[in-house]
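S.K.: Next up is a structure, given as structure tokens.
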Amino acid sequence: MLRARKAEIVLEELQRAYPDPGCPLQHRDSFTLLVAVMLSAQCTDARVNLVTPALFEVAPTPQALAAMEWPQVRTYIATCGLAETKARRLVETARLLVERHNGEVPATFEELEALPGVGHKTASVVMAQAFGQPAFPVDTHIFRLARRWGLSRGKTVEKVESDLKRCFPRQLWNSLHVQFVLWGREHCPARGCRPTCAICSRLLSGE
């Protein structure tokens with residue numbers, strides 16, 4: 001089966017299952033989204049959504065978070081994993097936002113990726129979800145599914161991202177990366193797809 005046909009099947013099923021996927025991380029604005037995405041590293045979105053409401057009550061802005069010490073921040077995010085490292089980076093990032101960006105989250109990849117703990121994937125999520133810029137963040141779910149579904153043979157995140165961007169229209173990237181993640185959690189996890197995985201079933205049938 002040609003890769004283009006595989007992409008058509010994937011798109012059909014994802015659009016059918018999640019016509020309006022939204023963003024799984026609860027946030028109020030670009031700053032709280034940035035914090036939530038930084039916390040989601042090696043942590044589930046569900047866990048992040050449990051801890052961020054209390055954190056956002058005391059630190060709803062870069063200025064408020066910058067005024068905190070990292071041990072205080074750690075108490076709010078202790079169950080997220082890598083809490084000390086994340087707390088330090090959150091405070092450092094908040095202070096840089098105040099010092100360099102007038103307390104605003106920058107809207108460019110270059111400026112975002114210059115912040116502590118903000119890699120390309122995190123920057124891509126913020127650019128897509130906060131600023132509406134076309135991006136295709138690749139996490140472990142997307143990396144796995146792209147290879148499992150024959151959309152990419154890439155062995156790096158960068159290569160898989162490049163292949164996916166060629167498979168799908170630019171205007172769909174922002175919703176597709178969320179749809180991929182949701183499908184991977186519900187129908188096609190790391191240990192193998194479930195009977196409910198219509199995508200694997202259709203691809204295997206060679207239709």
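Residue-wise test of (1) surrounded by fewer than 19 Cβ atoms within 10 Å (Cβ to Cβ); (2) not hydroxyl-bearing (Ser, Thr, Tyr).
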{"site": "PHE131", "(1), (2)": "yes, yes"}
{"site": "VAL138", "(1), (2)": "no, yes"}
{"site": "ALA146", "(1), (2)": "no, yes"}
{"site": "SER152", "(1), (2)": "no, no"}
{"site": "LYS155", "(1), (2)": "yes, yes"}
{"site": "TRP173", "(1), (2)": "no, yes"}
{"site": "PRO189", "(1), (2)": "yes, yes"}
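S.K.: Now a separate question. Return the total of residues in the stretch 144-154 being among the hydrophobic types (A, V, I, L, M, F, W, C) and over 14 Å from LYS165 (Cβ atoms). Please lay out each step first, then the result.
M.R.: Going through the stretch 144-154, the residues among the hydrophobic types (A, V, I, L, M, F, W, C) turn out to be 145-146, 149, 151.
Those left that are additionally over 14 Å from LYS165 (Cβ atoms): 145, 149.
Number satisfying all stated conditions: 2.
S.K.: Return the pair list, or none, for Cβ contacts closer than 8 Å from residues in the stretch 69-83 that are touching a residue at least 24 places away in the same chain (Cβ under 8 Å) to residues that are loosely packed, with under 13 Cβ neighbours inside 10 Å and in a loop (DSSP other than H, G, I, E, B), at least 6 apart or on different chains.
M.R.: Going by the 8 Å Cβ cut-off, the qualifying pairs are GLY81/GLN42; LEU82/GLN42.
Per-residue answers, yes or no, for (1) touching a strand residue (DSSP E or B) at 6+ places or on another chain (Cβ under 6 Å); (2) more than 29 Å from LEU182 (Cα to Cα); (3) at pLDDT 95 or above:
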{"position": "ASP29", "(1), (2), (3)": "no, no, yes"}
{"position": "LEU34", "(1), (2), (3)": "no, no, yes"}
{"position": "VAL37", "(1), (2), (3)": "no, no, yes"}
{"position": "SER40", "(1), (2), (3)": "no, no, no"}
{"position": "CYS43", "(1), (2), (3)": "no, no, no"}
{"position": "LEU50", "(1), (2), (3)": "no, no, yes"}
{"position": "GLU57", "(1), (2), (3)": "no, no, yes"}
{"position": "THR75", "(1), (2), (3)": "no, yes, yes"}
{"position": "LEU96", "(1), (2), (3)": "no, yes, yes"}
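S.K.: Pairs only if they're at least six apart or on different chains, beta carbon under 6 angstrom, first in the stretch 11-24 and at pLDDT below 95, second among the hydroxyl-bearing types (Ser, Thr, Tyr); list them, first residue then second.
M.R.: Here the result reads PRO21/SER175, each pair linking the stretch 11-24 to a residue that is among the hydroxyl-bearing types (Ser, Thr, Tyr).
S.K.: Then there's this: Given the criteria at positive phi and either modelled with pLDDT of 95 or more or not β-branched (Val, Ile, Thr) (or both), does GLY132 qualify? Steps first, answer last, please.
M.R.: Details: at positive phi: yes; either modelled with pLDDT of 95 or more or not β-branched (Val, Ile, Thr) (or both): yes.
So GLY132 passes the test.
S.K.: Next up: Hey, any hits in the stretch 90-98 for a residue that's in contact (Cβ under 8 Å) with a residue 24 or more places away in the chain, basic (Lys, Arg) and touching a Gly at 6+ places or on another chain (Cβ under 9 Å)? Quick ask: steps written out before the conclusion?
M.R.: Within the stretch 90-98, the subset in contact (Cβ under 8 Å) with a residue 24 or more places away in the chain is 90-95, 97-98.
Checking which are basic (Lys, Arg) leaves us with 95.
Next, from what is left, pick out any that are touching a Gly at 6+ places or on another chain (Cβ under 9 Å): none.
The answer is no, given that none of the residues of the stretch 90-98 is in contact (Cβ under 8 Å) with a residue 24 or more places away in the chain, basic (Lys, Arg) and touching a Gly at 6+ places or on another chain (Cβ under 9 Å).
S.K.: Here's another thing I want to ask about it. Restricting attention to the stretch 10-50, which residues are surrounded by fewer than 20 Cβ atoms within 10 Å (Cβ to Cβ) and among the β-branched types (Val, Ile, Thr)?
M.R.: Within the stretch 10-50, THR44 is the sole residue that qualifies.
S.K.: Let me ask something additional. Which residue out of PRO62, PRO53 is buried (at least 22 other Cβ atoms within 10 Å of the Cβ) and in the same structural domain as GLY103 (by TED's automatic domain parsing)? Full working, then the answer.
M.R.: Numbers: PRO53 fails: buried (at least 22 other Cβ atoms within 10 Å of the Cβ).
Exactly one of PRO62, PRO53 is buried (at least 22 other Cβ atoms within 10 Å of the Cβ) and in the same structural domain as GLY103 (by TED's automatic domain parsing), namely PRO62.
S.K.: Those residues that are surrounded by 11 or more Cβ atoms within 10 Å (Cβ to Cβ) and in contact (Cβ under 8 Å) with a residue 40 or more places away in the chain, I need them from the stretch 194-207; list them, please. Spell out the reasoning first.
M.R.: Of all residues in the stretch 194-207, those surrounded by 11 or more Cβ atoms within 10 Å (Cβ to Cβ) come to 194, 196-204.
Selection gives ALA198, ILE199, CYS200, ARG202, LEU203.
S.K.: Here's another thing I want to ask about it. Every residue in the stretch 116-132 that is in a loop (DSSP other than H, G, I, E, B) and free of Cβ contacts under 8 Å to residues at least 40 places away in the same chain, please.
M.R.: If the condition is that a residue be in a loop (DSSP other than H, G, I, E, B) and free of Cβ contacts under 8 Å to residues at least 40 places away in the same chain, then PRO116, GLY119 are the ones that fit.
S.K.: Another question, if that's okay. Please go through the stretch 134-178 and give me each residue that is touching a residue at least 60 places away in the same chain (Cβ under 8 Å), closer than 19 Å to ARG3 by Cα and not aliphatic (A, V, I, L, M), ordered by number.
M.R.: TRP149, GLY150, CYS167, PHE168, listed by residue number.
The values are calculated or read from the model by the stated rules, or taken from the named source; none is laboratory data. What you are looking at is a predicted structure, and each value in this text was computed from that prediction instead of being measured. Neighbour counts are summed over all protein chains in view; Cβ atoms, including those assigned to glycine, are modelled from backbone coordinates with ideal geometry.
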